[in-house]
Every structure is written in structure tokens, then in C-alpha cells.
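Below is one structure, written out as C-alpha cells, with a few remarks after it.
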Amino acid sequence: MTPAWAFGLAGLIPFVFLAGIIVAGPVHWYAASQALLTQYGALILSFVGALHWAYAVQQGVKGGEAWLRFGYSVLPALVAWLALQFPLGLGMQILAMSLMACLVVDLAWLKMTVLPVWFIRLRAILTIGGSASLLMASVF
């Protein structure tokens, strides 16, 4: 297992653990777990956007493409911040849908740029795990 896979999969632990507490844990942990899960989801969504900033820097994009790529890279952080302003259940749903939307963008950009195949597989697994945790917890 590569470090990217090991650390990536470890990043699912807070999603699954906190969603599990919300679904089946003690009632007195419910509110704190909802807040922590929403905050963690926002952090991860921001990280997903930051990946594109790094790609743009590494690839030395210029002109109109630079405006597009750097602009897109900050959008997930803005959406994450907005999601934190909503009631927790709705915020988790916004974060889950935004993570999925970022995966769709990554799949589209995979056709236009060079990203390792393992990366998009890992992104898909992490996105599905994180989004499923957020959605499951959002309905409780």
C-alpha cells in the first residue's frame, strides 16, 4: 500500500466513526458528533479544492486557463464555508453533494490533463465513503 492510499483511507475514519455515532451512538454525543462531522467534511472539501491549486502551480498554467484553474481551486473552500452556515443536516447534504460534484470535475479534467490512474480511483473511493457518511448522518 502506498502512503497516498494509506493516508487517504485513514481519512475516512472520522467520516465513518462520526456517522456511526450519529446513527447508533449515545444520544448525548449526537449534537457534538454532527458538528464535528460537518466541520470535518468542510475541511476535506477545502482540501479537494486545494489539490487543484497545486496542480495548476505544478503545471505552470497561464492566461485564461490559470484564471479558470485557480478560480475553481478556491470554489470548494467557499462552498464548505457556506455549508457551515446552514443547519447541520442541510450543511452535511451540501458537503456530500459538493464532494461528488468535485469528483465529476476531476473525472472531466482527467481527460485534459495527466493525473495518475490510481489517484482518480482513490478519489472515487474517498468521495463515495465521505459523501455516504455525510448523507447517512444528515437524515438522523
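Rule-based calculations on the coordinates, nothing more; no lab input. As the structure is a prediction and not an experimental result, all values here were calculated from the model. With ideal geometry, Cβ positions are generated from the backbone for all residues, glycine too; neighbour counts draw on all protein chains shown.
For the reader, a short list of remarks on this structure follows.
- Dividing the summed helix terms, -39500 (n - 2.57) for each DSSP H run of n ≥ 4, by the number of residues in the chain produces a 222 nm estimate of -28500 deg cm²/dmol to the nearest 500.
- J(HN,Hα) series, the range 93-99, from Karplus relation 6.51 cos²θ - 1.76 cosθ + 1.60, nearest Hz, glycine and proline x: 5, 4, 5, 4, 5, 5, 4
- Principal semi-axes in Å for the range 66-111 [√(5λ), Cα gyration tensor, largest first]: 23, 13, 4
- On the basis of the beta-carbon distance and an R0 of 22 Å, residue 118 and residue 47 show a calculated FRET efficiency of 0.75.
- Residues residue 2 and residue 59, FRET efficiency given R0 of 22 Å [Cβ-Cβ distance, rounded to 0.05]: 0.50
- Convex hull of the range 25-78 built on C-alpha atoms - directionally averaged projected area, nm²: 4.1 nm²
- Paired Rg and Dmax values of the range 16-117, which use every Cα atom, in angstrom: 16.2, 54
- Loop-located trypsin sites (Lys or Arg not before Pro) across the range 42-132 with a Cβ neighbour count of 10 or fewer within 10 Å are 62, 111, with loop assigned by DSSP.
- Compared with the dominant Cα axis of the chain, that is its longest principal axis, helix 117-138 is turned about 30°.
- On full extension, the segment bounded by residue 135 and residue 82 gains 17.4 nm, given 0.36 nm per residue less the C-alpha separation.
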